[in-house]
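The structure under discussion appears below in the form of structure tokens.
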Amino acid sequence: MARLTDAASGKRLLWLDHTAYSARLLTQGPAPWLDTAACVAWLRQAQGLLRPDVLALPLDEVAAAWLERHPALQAAMVGKAARGHGPLKELLAAEGLRAHAAELAVALRAAMPGVLFALSIASPRDWAAQAMARAGGPADAIDEDAVDAAAACTAEFLRLFAQAGADAVLVGELRPWAPGETDLLLELYQPVANVARHYGWDWGLELPEAIALPPGQAPAFTIAPAPCGVEPAGLVVPVGFWQGEALPAPTAGSFDQARIPHDAHPETVLSQLALLRERHATW
């Protein structure tokens, strides 16, 4: 199992968020998260076409697709909305979802053994808020205690993937962290970090704005618009790049993370990816 941080020390990696784009292009529909064979076939084709260095499985998207297909589960989540983490706990405890997500991860790793394999999830705070919204509960229910409990639920869910051959787990945060919030949230997210370390995965944090991360509880890598004081630092490729805007010069200890717009033209995507690979080759 090649850890992401080890791989990034030897080459400049390219991490692509392409699922919305490649699903439209290759399946002519939504991502087939709930059909293991179709999902593996789609992502293998996308991998061959786009050639990113990282294959990422967004477990929160898989869970959302499962919830859409199972209204009884959503009804059960409504009944748990009295507690901030209740709907998320109900979702992640669903046996069908758990079995399918684990099977899908194992199948993807087996089908593409030569790439780095990452599990990506919404942060405990965001995932709890999303589940609460689906349950029709109040947004202000996601307080510190709820985030703490949501992190424990998320960590327990990640244990399902012990045999999936993952190299990393990425925790995605939608909202910028307020001043003074960094130490608290890093502490609250430690159950997820501890599971990652236990299984030999690098744990990473994706942030909408770069912040200075303190030593000690900091993740193994970050993805943000600018470095956060941790290496390797995934630097977000600006959206304008897909319209021809130039990229700043690469910095040492970094890699590129690019989200391909879902409606991008294939010819433009391939030409811009060629530019990214050219700078990777000269790094």
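The values are calculated or read from the model by the stated rules, or taken from the named source; none is laboratory data. Computed from a predicted model, the values in this text were never measured in an experiment. No Cβ is skipped: glycine too gets one built from the backbone with ideal geometry, and neighbour counts run over all protein chains shown. These area figures cover heavy atoms from the full protein model, side chains too; ligands, DNA and RNA do not enter into them. Shrake-Rupley method; radii C 1.70, N 1.55, O 1.52, S 1.80 Å.
Worth pointing out:
- Selection among Ala118, Pro227, Pro179 by position relative to the dipole of the chain gives Ala118 as farthest towards the positive end (Cβ unit charges, Cα centre).
- Pairwise Cα distances in the range 180-235 exceed 13 Å for 56 percent of all pairs.
- As computed over the range 1-67, the Cα convex hull volume per residue (Å³): 99 Å³
- Contour excess over end-to-end distance, with Cα ends at Ala139 and Val78 and 0.36 nm allotted per residue: 20.6 nm
- Charge dipole (Cα centre; +1 on Lys/Arg Cβ, -1 on Asp/Glu Cβ; no other charges) of the range 40-117 amounts to roughly 80 debye.
- Degrees separating the helix 36-50 axis from the principal Cα axis of the chain, which is the longest one: 30 degrees
- C-alpha long axis of helix 59-69 to longest principal axis of the chain, angle in °: 60 degrees
- Here the spin labels are modelled as points 7 Å beyond Cα on the Cα-Cβ line, and at Leu184 and Arg98 they lie 3.1 nm apart.
- By the helix-only formula, in which each DSSP H run with n ≥ 4 contributes -39500 (n - 2.57) and the sum is divided by residues, the chain has a 222 nm mean residue ellipticity of -14000 deg cm²/dmol.
- Atom-type composition of the exposed protein surface of the chain places 55 percent of the accessible area on carbon and sulfur (1.4 angstrom probe).
- Cα centroid separation - the range 10-66 against the range 247-262, whole Å: 19 Å
- Rg ratio for the range 187-283: its Cα radius of gyration over 2.2 N^0.38 Å, N being its residue count, equals 1.24.
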